[in-house]
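Have a look at the structure below before the remarks.
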Amino acid sequence: MLKGEIIASVYVKLACERFMSWFDNPEFEFKTKKVDKVVSFISKLKHYTGKSNGKPFILTDWQYFIVENIYGWYYKGTNKRVIKNVYIEVGRKSGKTTLLSAIALYAMIADGENGSEVDCVANTKQQAKILFDTASNLADSIDKKHKYIKPYRDKIKFAATKSHIQVLSSDASTLDGFNAYLFVEDELHA
């Protein structure tokens, strides 16, 4: 992409340049095993609609790049991630909601955080529910009998880590008191 072989916007090129420049930053280190763990988890999830129904969730290049950025970069000698806030803007029907749902499930199940609260929000509860329902359907693909992952109307619970995913609307008056480990907001532009 940086060589001009792939057409990309200026922002994508800048993101790629930043990514590559961090390899020269003595304060950061890239942990391939951490990325591999996330990618392995996501690949166990199965799509549940359309022509991909029942097939494993294999990340596209752009999705893989996002996972590498979020889960690959750490402050040298620590387990503290460099990237804590992410803004993703892609065209409709490219798999953003599915990726966000998979990341939400990873945060609840496999990120090593006990008691993690994952909040799915949007400008309306109906929109947030789309993200939540996608996470619920992906969870069903790895635990069809709900032995470990318990779905409810507005919450998915994972008892092994005492963690959950919940759906909320972005109504500021109702968000007090929440303590999100991961906060996923879909359709921010709306």
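The values are calculated or read from the model by the stated rules, or taken from the named source; none is laboratory data. If you're wondering where the values come from, they're calculated on a predicted model, not measured in any experiment. Here the Cβ positions follow ideal geometry from the backbone for every residue, glycine too, while neighbour counts run over all protein chains shown. These accessible areas exclude ligands, DNA and RNA; they are computed on the full protein's heavy atoms, side chains included. Shrake-Rupley method; radii C 1.70, N 1.55, O 1.52, S 1.80 Å.
Suppose only helical runs count, i.e. DSSP H with n ≥ 4. What mean residue ellipticity at 222 nm does that imply for the chain under -39500 (n - 2.57) per run, divided by all residues and rounded to the nearest 500 deg cm²/dmol?
Roughly -11500 deg cm²/dmol at 222 nm, from the helical runs in the chain.
Enter the mean projected area of the convex hull around the alpha-carbon atoms of the chain, in nm², rounded to one decimal.
One quarter of the hull surface, i.e. the mean projection, equals 12.2 nm².
Extending each Cα 7 Å along its Cβ direction at Y152 and T124, get the distance between those two points in nm, one decimal.
Output for this residue pair reads 2.5 nm.
Over 19 Å apart: what share of the alpha carbon pairs of region 8-61 falls there, rounded to a whole percent?
53 percent
Run the numbers for A110 and K93: contour at 0.36 nm per residue of separation, minus the present Cα-Cα distance, in nm.
3.4 nm
Given the options A102, A15, A122, state which has the largest fluctuation in a GNM of the chain using a 10 Å cut-off (strictly under) for Cα springs.
Comparing A102, A15, A122 in a Gaussian network model of the chain, the most mobile one is A15.
What number comes out for accessible area per residue over region 30-85 if the probe is 1.4 Å? Units Å², please.
Spelled out: the 1.4 Å probe surface of region 30-85, per residue, equals 61 Å².
What aspartates and glutamates does K125 reach when the alpha-carbon gap must be under 12 Å and sequence neighbours fewer than 8 apart in one chain are set aside?
Cα-Cα hits under 12 Å: D133, D154, D171, E185, D186, E187.
Below 8 Å between Cα atoms, with a sequence gap of 6+, how large is the relative contact order for the chain in percent?
That works out to 20 percent.
Give me Rg/Rg_expected for region 30-85, where Rg uses Cα atoms only and Rg_expected = 2.2 N^0.38 Å with N residues.
Rg over 2.2 N^0.38 Å, computed on Cα atoms: 1.32.
Return one quarter of the surface area of the convex hull spanned by the alpha-carbon atoms of region 1-99, equal to its mean projected area, in nm².
7.4 nm²
Quick check: residue separation of E5 and E27 times 0.36 nm, minus the Cα distance between them. What number comes out in nm?
The span from E5 to E27 would gain 4.9 nm if fully extended.
Which distance in Å, rounded to a whole number, links the C-alpha centroids of region 48-69 and region 89-116?
11 Å
If each of K13 and N179 carries a label point 7 Å out from its Cα toward its Cβ, how far apart are those two points in nm?
4.6 nm
Roughly to the nearest percent, how much of the accessible area of region 65-106 is carbon and sulfur, given a 1.4 Å probe?
Heavy-atom surface of region 65-106 belonging to carbon and sulfur, 1.4 Å probe: 48 percent.
Hey, any idea what % of region 4-47's accessible area is carbon plus sulfur with a 1.4 Å probe?
It is 60 percent, rounded to a whole number.
What lysines does K145 reach when the alpha-carbon gap must be under 23 Å and sequence neighbours fewer than 8 apart in one chain are set aside?
K44, K46, K55, K129, K155, K157, K162
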